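Structure, as structure tokens:
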Amino acid sequence: MKLNPMKNLIIFSSKLPAAKELRQHLEKLPYTRIAETELERAGFMPHHTTQDLVSEFPGGYSFMLGHEEKVLPASAVRSECDRRIKEIRDRDGEEAMEGFDFDNFKEITKQELIKRALVKSTAIQAYYHIESERLFVATASKRMASVLMGQLVKVMEAVETKTIHINGAKRGLTARLITRIQNDHDALDAFGMFEVGEYCRLTRTQDGHKEVINYTGIDVASCDELLERLDSNFQVETLALNWRGLGFKITHDFMLKGVKWADTDEPDFADAIEAWSHDAAVKVELLSSATKELITIMEYREESEQEQAA
């Protein structure tokens, strides 16, 4: 089902309140359209299916952040400033540049361009698994995930989160893939019950130049050529894994990309909300179990952080 696509996920460990209390917090910052002179705006919005700020499902709940920003590249501002300054020079001569406040001129130009800039709108869905205290933010953008967490902090004043770290040299994706390829008959030593998929992205930086190699559609777990690359200081940046019908590409910094869900026979539901709730519950439970397994076998370390509103 495509009710909750969850194609890309950034994972947080976070202690959030019960759905009713969170709903009260989110009501403080409702989503509204960006103003003419604003560069960016974000707020919490009702889910398009449930029409609720906090949509509950068995084992957890979901909420959504609406985000709008003006598309205004720095190069466009710089180009317009250069054009206007040239006009002033051509009209009034070089004397007009004496004591000229370039910073203020740039800011005035930027504010005028903001009014005419195109607006990019994004809806970011987050899913919270209550028992494991995992928050799955459905985006591939670290910046958008950070915006969502920042808005949570703003309405709740403080949010306790945990970041996930790993000793890459000993237990990271690179070290474990080497173990997997070298010990083809003892896969559990490397990735536990996870099956290595058919995609791997390697990177290496030499003399300030980054090299990238993508392996697609091959048996990564037994690729001798890939092992040779790893012996030449390449590192695994992204690796495809499969587990219980769940397929994804995990990155070295614990993001899940290109998540694929197994097709299943779904029962008949009374309405769209019931169908959405069932779909969310099944997927979030599977994600929570997969995350727990990954943290266990790869010996990730979670460190507490306290984010507070400024």
Legend entry - Relative intensity, log₁₀ I(q)/I(0), of segment 61-214 from a Debye sum that treats every alpha carbon as a point, q = 0.16 Å⁻¹: -1.09
Inset, instruction - For residue 103 paired with residue 140, estimate the spin-label separation in nm (one decimal), with each label point 7 Å from Cα along the Cα-to-Cβ line. - result: 3.8
Inset, instruction - Give me the number: length gained by fully extending residue 228 to residue 293, i.e. 0.36 nm times residue separation minus the C-alpha to C-alpha distance, one decimal in nm. - result: 20.5 nm
Legend entry - Sorted by Cβ neighbour density within 10 Å, fewest at the top, the residues 67, 48, 209, 25: 209, 48, 25, 67
Inset, instruction - Please quote Rg/Rh for segment 74-115 to two decimal places, taking the Kirkwood radius as Rh and restricting both calculations to Cα atoms. - result: 0.99
Inset, instruction - For residue 157 and residue 207, compute 0.36 nm times the residue count separating them, minus their Cα-Cα distance, and round to one decimal in nm. - result: 13.5 nm
Inset, instruction - Quick one: check the C-alpha center-to-center distance for segment 21-93 versus segment 105-124, whole angstrom. - result: 10
Inset, instruction - Quick one: order 6, 45 by neighbouring beta-carbon count within 10 Å, fewest to most. - result: 45, 6
Inset, instruction - Name the helices (complete DSSP H segments) of the chain with a Cα length along the long axis of 20 Å or more and a Kyte-Doolittle mean of at least 1.6, or state none. - result: none
Inset, instruction - Quote the Stokes-Einstein diffusion coefficient, in whole µm² s⁻¹, for segment 168-308, based on the Kirkwood radius over alpha carbon pairs, a temperature of 20 °C and a viscosity of 1.002 mPa s. - result: 127
Inset, instruction - Would you give the gap between the C-alpha center of segment 237-292 and the C-alpha center of segment 143-163, rounded to a whole Å? - result: 23
Legend entry - Within a Gaussian network of the chain (alpha carbon springs, distance under 10 Å), most fluctuating of 280, 126, 18: 18
Inset, instruction - Give 120/162; 15/260; 142/162; 142/249; 142/257 a once-over and call out the pairs whose C-alpha atoms are over 21 Å from each other. - result: 120/162; 15/260
Legend entry - Neighbour-count ranking [beta-carbon atoms within 10 angstrom, fewest first] of 52, 271: 271, 52
Legend entry - Rg followed by Dmax, in Å, when the chain is reduced to its Cα trace: 24.2, 80
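Values quoted throughout were computed directly from the atomic coordinates according to the rules given, and no laboratory measurement underlies them. Quick caveat: nothing in here was measured; it's all calculated off a predicted structure. Because the Cβ atoms are built from the backbone with ideal geometry, glycine has one as well, and the counts that use them run over all protein chains shown.
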